[in-house]
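Below you'll find the structure, written out as structure tokens, and then a few comments.
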Amino acid sequence: MGGESEAALARVAAWGPHLAAVYGSGLWALPEGGRVVDEVPYDALGWPAGSVPGHLNLLKLASVPAGDDRELRLALACGRPHRYEGWDDDELELPVRALAAAGVTRLLLTNSCGALRPEAGIGRAVVCSSVTDLQRPPVGDTPETLPLCCDEVAVRVAAALGEGAAQHAGAYVSVCGPQFETPAEVAWLARYGDVVGMSAAPEARAAAETGVECCLLALVANVAAAVGSHEDVLAAGARLAGLLAAGFTRAAFARWPDLQGTL
């Protein structure tokens, strides 16, 4: 890590985030009541900066009111790199590992995804308790499952989000992309989860290895295998961003009830 990236990461550590979040395609929106106090480009941090539309490649340091003159300090990563862009495991895991090194112990992952099952309806959030990693070859016959939280916690977060979320714990299937799935692939992928997308596995693995607790909000932008494009995903993401902004603080406190006591 060079001098510039060390200095940039020191700014993050000095802010002392109570939690961090990663925003997927088109999902960035400042949590309700929040204010941005600093911005750090991914390049300055030495993080991989993707080229996919809908990803700002900026880390925003922000705060949101938490009652009684208290504030929740956030590190909000607006965008992520993807494996199909040519990044390797170390590069894809770097942002989470760097945040952990800066003192982050809680991580809220978000992404736009496709529904594999009818109950994962378009325009809703699915709170996922695990990620099935199909981005890397499995060891043996079964794909690796990366746990994020227990099902009971995922259900609690879903309840906090209300009607905007499916009221059950989901499972996310991570594939390489960039192509959308065929109907035959969807039928096979549904054996492993409720929603499918092209991220989350590297971040979940890095979080587990650095002791960072996770929560994954998968925002359903389309039905997997339906005809569509990335532009359609971005349009759906713009609508879902409002749901995420409105429910961000509720989701955080539902995932980490002890968080109130740290403010």
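The values are calculated or read from the model by the stated rules, or taken from the named source; none is laboratory data. A quick note: this is a predicted structure, and the numbers were derived from the prediction, not measured. All Cβ positions, glycine included, derive from the backbone under ideal geometry; neighbour counts span all protein chains shown.
So here's what we get for this one:
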| quantity | calculated |
| --- | --- |
| Number of the exception - Ala159 against (1) among the hydrophobic types (A, V, I, L, M, F, W, C); (2) in a helix (DSSP H, G or I); (3) under 16 Å from Arg117 (Cα atoms) | (3) |
| Which numbered condition Glu152 misses (of (1) surrounded by 21 or more Cβ atoms within 10 Å (Cβ to Cβ); (2) in a helix (DSSP H, G or I)) | (1) |
| Qualifying residue in the range 22-38 (condition: without any contact (Cβ under 8 Å) to a residue 60 or more places away in the chain, farther than 20 Å from Leu243 by Cβ and surrounded by 14 or more Cβ atoms within 10 Å (Cβ to Cβ)) | no |
| Single match in Ala44, Ala75, Ala20, Ala98 (criterion: over 19 Å from Cys214 (Cα atoms) and among the aliphatic types (A, V, I, L, M)) | Ala44 |
| Which numbered condition Ala241 misses (of (1) part of a helix (DSSP H, G or I); (2) modelled with pLDDT under 80) | (2) |
| Meets criteria (touching a strand residue (DSSP E or B) at 6+ places or on another chain (Cβ under 6 Å) and part of a loop (DSSP other than H, G, I, E, B)) for Pro17 | yes |
| Among the candidates Arg205, Arg191, residue that is among the basic types (Lys, Arg), part of a loop (DSSP other than H, G, I, E, B) and modelled with pLDDT of 90 or more | Arg191 |
| Close pairs (7 angstrom Cβ cut-off, 6 or more residues apart or separate chains): without any contact (Cβ under 8 Å) to a residue 12 or more places away in the chain and buried (at least 24 other Cβ atoms within 10 Å of the Cβ) in the range 192-210, of a type in the set (Gly, Ala, Ser) and part of a loop (DSSP other than H, G, I, E, B) anywhere | none |
| Pick from the range 166-183, criterion in contact (Cβ under 8 Å) with a residue 60 or more places away in the chain and of a type in the set (A, V, I, L, M, F, W, C), ranking: surrounded by the fewest Cβ atoms within 10 Å (Cβ to Cβ) | Cys176 |
| Filter result for the condition that a residue is farther than 24 Å from Pro257 by Cα and of a type outside the set (Gly, Ala, Ser), over Thr110, Thr132 | Thr132 |
| Checking Leu72 against (1) surrounded by fewer than 21 Cβ atoms within 10 Å (Cβ to Cβ); (2) within 20 Å of the chain's Cα centre (by Cα); (3) closer than 24 Å to Thr262 by Cα, the condition it does not meet | (1) |
| Evaluation of Trp47 against (1) within 30 Å of Gly3 (Cβ to Cβ); (2) in a strand (DSSP E or B); (3) without any contact (Cβ under 8 Å) to a residue 60 or more places away in the chain (one fails), failing number | (2) |
| Filtered residues of the range 75-105 (kept if among the basic types (Lys, Arg) and surrounded by fewer than 21 Cβ atoms within 10 Å (Cβ to Cβ)) | Arg97 |
| Filtered residue count, the range 20-44, keeping only those that are part of a helix (DSSP H, G or I) and either within 19 Å of the chain's Cα centre (by Cα) or within 25 Å of Glu71 (Cα to Cα) (or both) | 1 |
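Rundown of residues vs (1) among the charged types (D, E, K, R); (2) modelled with pLDDT under 95; (3) in contact with a Phe, Trp or Tyr (Cβ under 7 Å, 6 or more places away or on another chain), yes/no style:
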site: Met1; (1), (2), (3): no, yes, no
site: Val22; (1), (2), (3): no, no, no
site: Ser25; (1), (2), (3): no, yes, no
site: Ala29; (1), (2), (3): no, yes, no
site: Gly34; (1), (2), (3): no, no, no
site: Glu39; (1), (2), (3): yes, no, no
site: Leu61; (1), (2), (3): no, no, yes
